[in-house]
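These notes concern the structure reproduced below.
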Amino acid sequence: MLAQQLRERFGPHVDAPLLPDLAQRDALVAYAYLEKSWRLPVPLCRTYGWFSFGGMTCDSFGLWERIPPSPQFDARAEQVLVHHYRLIRDDEYPDEPDNDDPTEEWVVELLPEDRSDRVLVSRCSPKVTLASTVAWVWGHAQRDPAALERPLLTRADRFEAPVLDFDLAASMPALQGARLEQGAAGTDLLGDVRHRVRCRLDEGGVGVKAEARLAGLYLPQRNLVCDGPFLVLVQRRDADVPTLAAWVETRALIARGTSPA
């Protein structure tokens, strides 16, 4: 049923390798799937096997003046907003900067057709955590483009980034065996927790597929044993009073043990 719903929503070729098997009973399973793309109205420039990143030659995309000049430059430039730009002095580094340290910090926003989300690309020094680095970038991204200084690139400027294309899946062992608070039981334990991200960033925009699966969340074992007083009730579904109601508290009502024939 879940696989069918995904195909109906995202198409017949939905990519969901973490889709859990729901055939197992008495196991709680949580699953989330996201697939969305943010396409640029006018694709940016593209190179093949020319760009160098960390000593590796790769493909790249961005905005720069072509030779001969491109008639699409202005349309492309309207899709690339510069929110922040600053030169970094060598004396700002505690030691001599190495090859991976940026000499310029900047925050660029790519403007896709769907403006409900923002696509930001930034070159900056990493902060203590990924969350603090994200906070720094958001802090330098203006909400109002009208407040930007020199927001558009000129034909003398250049924006370039390597093409991203990755499909990564990982488990989260820190969550395995974690205890949940659920009702009076409160003894449910998390099993295998996995997540996956499929991402491509190129001259046409960004495409993302993401999955998260929480499988093996088992309910506590239920011991339904009448080893103390209990009730037996027989009643017609449409009746107001029972046909039989017996509260069993004395051993006189219990059949004595017998040997099988």
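The values are calculated or read from the model by the stated rules, or taken from the named source; none is laboratory data. What you see is a predicted model; the values in this text were computed from it and never measured. Neighbour counts are summed over all protein chains in view; Cβ atoms, including those assigned to glycine, are modelled from backbone coordinates with ideal geometry. Only protein heavy atoms, including side chains, enter the accessible area calculation; ligands, DNA and RNA are left aside. Shrake-Rupley method; radii C 1.70, N 1.55, O 1.52, S 1.80 Å.
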- Note on the structure: Those residues of the range 99-153 which are open to solvent by 80 Å² or more (accessible area, probe 1.4 Å) and touching a Ser or Thr at 6+ places or on another chain (Cβ under 8 Å) amount to Pro126
- Among Val225, Val241, Val197, which is the only one that is open to solvent by 30 Å² or more (accessible area, probe 1.4 Å) and modelled with pLDDT under 80? Val225
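A quick yes/no check of all residues on (1) of a type in the set (A, V, I, L, M); (2) modelled with pLDDT under 90; (3) more than 30 Å from Lys209 (Cβ to Cβ):
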{"site": "Leu87", "(1), (2), (3)": "yes, yes, yes"}
{"site": "Asn99", "(1), (2), (3)": "no, yes, yes"}
{"site": "Glu109", "(1), (2), (3)": "no, no, no"}
{"site": "Ala131", "(1), (2), (3)": "yes, no, no"}
- Task: Please work out which one of (1) open to solvent by less than 100 Å² (accessible area, probe 1.4 Å); (2) modelled with pLDDT under 80; (3) under 30 Å from Tyr31 (Cα atoms) is the condition Lys209 fails and give its number.
- Result: (2)
- Query: Which residues, counting only those in the range 42-61, are on the phi < 0 side of the Ramachandran plot, in contact with a strand residue (DSSP E or B) (Cβ under 8 Å, 6 or more places away or on another chain) and surrounded by fewer than 15 Cβ atoms within 10 Å (Cβ to Cβ)?
  - Reply: Arg46, Tyr48, Trp50, Ser52, Phe53, Thr57
- Query: Is there a residue being modelled with pLDDT under 90, on the phi > 0 side of the Ramachandran plot and either of a type outside the set (Gly, Ala, Ser) or part of a helix (DSSP H, G or I) (or both) anywhere in the range 169-184?
  - Reply: no
- In the range 62-86, what count of residues is obtained for those that are in a strand (DSSP E or B) and open to solvent by 50 Å² or more (accessible area, probe 1.4 Å)? 2
- Taking Val232 and the conditions (1) over 25 Å from Tyr33 (Cα atoms); (2) of a type outside the set (S, T, N, Q); (3) at pLDDT 85 or above, which numbered condition does it fall short on, given that it satisfies the others? (3)
